[in-house]
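Chemist: Can you read through this structure? Questions will come right after.
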Amino acid sequence: MPNEREKVSPVVTVTPVERPARKLIFLRHNGIDYFSGCAEVGCDWEACFNSIPEKFDTAAGGRLPAFLVRPNTHGLAFFVEVPLDYCRTLPAGYEIAELPPCSYLYFTGMPFQNPEDYPVAIGILNEAIRQYPFERFGWKRSEKGPCLGMGAAPETGARTAVPVEKI
C-alpha cells in the first residue's frame with residue numbers, strides 16, 4: 001500500500017513571472033494559517049476575490065509585504081492582485097494598497113487525483129520552496145510583493161508565487 005507522499009507526484013515546476021505596478025486587495029487576519037484565518041474572518045473572501053474579472057490570478061493567502069504588516073501581528077492576509085487602475089468599492093473590512101513592480105517565481109505542483117490529498121500536495125510544494133537554490137539561479141527573496149499561497153486543487157496541483165529580486 002503506498003504511503004501518502006507516493007499518491008502525489010513530487011514534481012514541482014518553477015516559472016518566473018513579471019508583475020507591473022498594481023494594487024493588492026486584502027483582508028487581514030490574526031490566524032496562523034488558512035484555517036484559523038477563515039475561522040476568524042469567514043471564507044467569503046475567496047468567492048469575492050475570484051469574482052473580480054480584472055484579477056491577475058486566483059485568490060490567495062499568505063504573508064503581506066513588510067510595508068503592509070502592522071506591529072504585533074502575524075502579517076497574514078487573504079488577497080488578490082488587480083491592475084493599478086482598479087477603483088471599485090470594497091466590502092467592509094477589506095483594504096487596498098499599491099504595490100511596486102516585482103518578479104515572482106511561481107512554484108507549481110502536479111495535478112493529483114484525490115481531493116483529500118491537498119495537504120500532501122501543499123507539503124511537497126512547501127518543501128520544494130524551502131530547498132530551492134534561489135541564489136544559484138540569480139534570485140533572492142523579496143519584500144516587494146506578498147507571498148501568494150494559492151492552495152491546491154486536483155486539477156491544478158498546489159501553487160505558490162514567491163516574490164524575488166535579481167541578484
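Quick note: the coordinates plus some simple rules give every number you see, no bench work behind them. Quick caveat, the model's predicted, so the values are computed rather than measured. Every residue, glycine as well, gets a Cβ built from its backbone with ideal geometry; the counts of neighbours run over all protein chains shown.
Chemist: How big is Rg to Rh over the range 99-143, alpha-carbon atoms, Rh as the Kirkwood inverse-mean-distance radius?
Modeler: Working: Rg = 13.5 Å, Rh = 12.5 Å.
Reported Rg/Rh, Kirkwood definition of Rh: 1.07.
Chemist: Below 8 Å between Cα atoms, with a sequence gap of 6+, how large is the relative contact order for the range 21-100 in percent? Working shown, then result.
Modeler: Details: 128 pairs, mean separation 40.0, N = 80.
For the range 21-100, the relative contact order is 50 percent.
Chemist: Relative contact order of the chain: what whole-number percent is it, with Cα pairs under 8 angstrom and at least 6 residues apart?
Modeler: Numbers: 337 pairs, mean separation 51.0, N = 167.
Reported as a whole number, the value is 31 percent.
Chemist: What FRET efficiency would be calculated for the residue pair Ile167, Ser36, taking the C-beta separation as r and a Förster radius of 41 Å, to the nearest 0.05?
Modeler: The pair Ile167/Ser36 has a calculated efficiency of 0.70.
Chemist: Would you please state which residues of the range 139-159 a label at Phe56 would reach in this model, taking the label point 7 Å out along Cα→Cβ and a backbone N cut-off of under 19 Å?
Modeler: 139-151, 159
Chemist: In the chain, what is the count of Lys pairs whose alpha carbons are under 26 Å apart, counting only pairs at least 8 residues apart or on separate chains?
Modeler: Step by step, the pairs that qualify in the chain add up to 9.
Chemist: To test your reading of the geometry: what angle, between 0 and 90 degrees and rounded to tens, separates the Cα axis of helix 118-131 from the longest principal axis of the chain?
Modeler: Taking Cα atoms only, the helix is inclined about 80 degrees.
Chemist: Here's another thing I want to ask about it. Could you give the alpha-carbon Rg of the range 21-100 over 2.2 N^0.38 Å, rounded to two decimals? Intermediate results must be reported in sequence, preceding the final value.
Modeler: Details: Rg = 11.9 Å, N = 80, 2.2 N^0.38 = 11.6 Å.
Ratio of Cα Rg to 2.2 N^0.38 Å: 1.02.
Chemist: Shape of the chain from its Cα gyration tensor (a ≥ b ≥ c, root eigenvalues): rounded if a/c is under 1.5, otherwise prolate when a/b > b/c, or oblate?
Modeler: Numbers: a/c = 1.74, a/b = 1.28, b/c = 1.36.
Oblate, since a/c reaches 1.5 and b/c is not below a/b.
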